[in-house]
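Take a look at the structure below.
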Ligand code: GLU
C-alpha cells in the first residue's frame, strides 16, 4: 500500500540531543530540496521521544539553526514527547492482534545474544512464548517471525532484509516506560501523511523494521531515499556522540555550500562565498537526487 493522499510530503526529523551539526544539515538539505523541487511539502518533527537523551535547549537551538540556514517548513512543528497517547494506542492495537509480547529480560541477560548488523543484540526469544514464572514484564517486543522485507531505495538501490537475522523481535515499549523510536517514527510518518522519507543512511538498517511495523499496523509505506552519512577521518558518523561541531550560526552559508557539495550537487565555486538565499536559489534550480553519491558513508573533510 502506498500513501496516495498527497503527491509529495516529506519531512526532517531531528533528535534534539545536541545542536545541528554538519551531518544533520546534510539530511535537512537533501530532504528539503527533494521535497521543494518536486512541488512538495516539507514538515518538521522533533524526535524527542527518548526524553533522557533530549533537551528543550537543544530543540530550540536546532530550530534557530534551521531558520538561520534559510529552511522554511510547512505547518507546526510536531513534538514526539506530546504524542505518547497515540503511541500507546498503536501498541494496544498490536496487543489486540497478538503481534507483540511482554519481555522480562534485562540487558545483562541478553549480553550473550547474537549481534545484528547494526550492532544491536538480536533477541534470543526467551519470553516469546510467555513470561518465565515469577518474572514481570519490563518491555514489549514485536514478533518478527520469518518476515522478509524488501524495498527499492531511491539512492541505495534494492534492500532486502530477513528480520529474524537482521533485527530479531524488537522493542516497541522500553523498560523505562518510553516508546521506542521505531514505533514513534512509523506512527508519526503515517499520521502526518508522509509520502517520501529522505534521511541519513545510518537509518537504512531500521527501515525494514519500520516497513514491517507499518504492515502490522495496516499503515502505508512511504518511498525511501537514504543519503550517505558524513563520517570523520576515523570513519565515525558525525554526530553529537563524536562531538561534531555545531553549524556556525553567524556564518551558515559555508556549511550549506559544503552540504550541497557533499550531496554531489557541484555548486559553482563562485557561490562559495554567496549568501544563504543565493545558495538556495541555485540549489532549487539545480538539485538532482541522481547526483547524490550512492553508498552508506562518505568522508567529509
Ligand atoms: N531522529 C532521527 C535522527 O535524528 C531521524 C529519524 C528519521 O529521519 O526517521 O537520527
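Between 107, 11, 83, where does the largest GNM mean-square fluctuation fall for the chain, given springs only between Cα atoms within less than 10 Å?
Looking only at 107, 11, 83, the biggest GNM fluctuation is shown by 107.
Test of understanding: express the Cα radius of gyration of the stretch 236-301 as a ratio to 2.2 N^0.38 Å, with N the residue count.
1.19
Neighbour counts of other C-beta atoms within 10 Å: give me 251, 143, 108 arranged from fewest to most.
Neighbour counts put them in this order, fewest first: 108, 251, 143.
For the stretch 79-133, what Kirkwood radius comes out of the mean inverse Cα-Cα distance, in Å?
13.5 Å
Roughly what % antiparallel, to the nearest 5, for the DSSP beta bridges in the stretch 140-241?
In the stretch 140-241, DSSP labels about 65 percent of beta bridges as antiparallel.
So what is the relative contact order of the chain, in percent, for Cα pairs below 8 Å that sit 6 or more residues apart?
Relative CO of the chain lands at 24 percent.
Roughly speaking, what % of Cα-Cα pairs in the chain are separated by over 35 Å, rounded to a whole number?
Of all Cα-Cα distances in the chain, 20 percent exceed 35 Å.
Hey, what number do you get for the chain at 222 nm if only DSSP H runs of n ≥ 4 count, each worth -39500 (n - 2.57), divided across all residues, to the nearest 500?
After summing the helix terms and dividing by the residues of the chain, the value is -9500 deg cm²/dmol.
Which order do the peptides 153-163, 63-73 take when ranked by the mean count of other beta-carbon atoms within 10 Å per residue, highest first?
Highest mean packing first, the order is 63-73, 153-163.
Can you grab the distance from the C-alpha centre of the stretch 226-301 to the C-alpha centre of the stretch 39-72, Å, no decimals?
18 Å
Using alpha carbons only, how many degrees (0 to 90, rounded to 10) separate the axis of helix 181-192 from the longest principal axis of the chain?
Taking the Cα atoms of the chain, the angle to 181-192 is about 60 degrees.
Can you list the equivalent-ellipsoid semi-axes of the stretch 125-216, largest first and in whole Å, using the square root of 5 times each Cα gyration tensor eigenvalue?
27, 16, 10
Tell me, 123, 224, 8 in order of fewest to most beta-carbon neighbours within 10 Å?
If I rank by nearby Cβ atoms, fewest first, I get 8, 224, 123.
Using the alpha-carbon atoms, what tilt in degrees (0 to 90, nearest 10) does helix 56-68 show relative to the longest principal axis of the chain?
30 degrees
Neighbouring Cβ atoms within 10 Å as the yardstick, rank 95, 237 fewest first.
Lowest count first: 95, 237.
For all pairs of alpha-carbon atoms in the stretch 1-92, what percent lies in each bin of width 5 Å, listed from the first bin to the last filled one?
In whole percents, the pair-distance histogram is 3, 13, 21, 22, 19, 13, 8, 1, 0.
What is the helix-to-structure angle for 252-262, meaning the angle in degrees between its Cα long axis and the longest Cα principal axis of the chain, kept from 0 to 90 and rounded to the nearest 10?
Computed tilt is about 70 degrees.
Here, each number is a calculation from the coordinates, and none is a lab measurement. These figures come from a predicted structure and were not determined experimentally. Cβ coordinates were reconstructed from backbone atoms using ideal geometry, including for glycine residues, and neighbour counts include every protein chain displayed.
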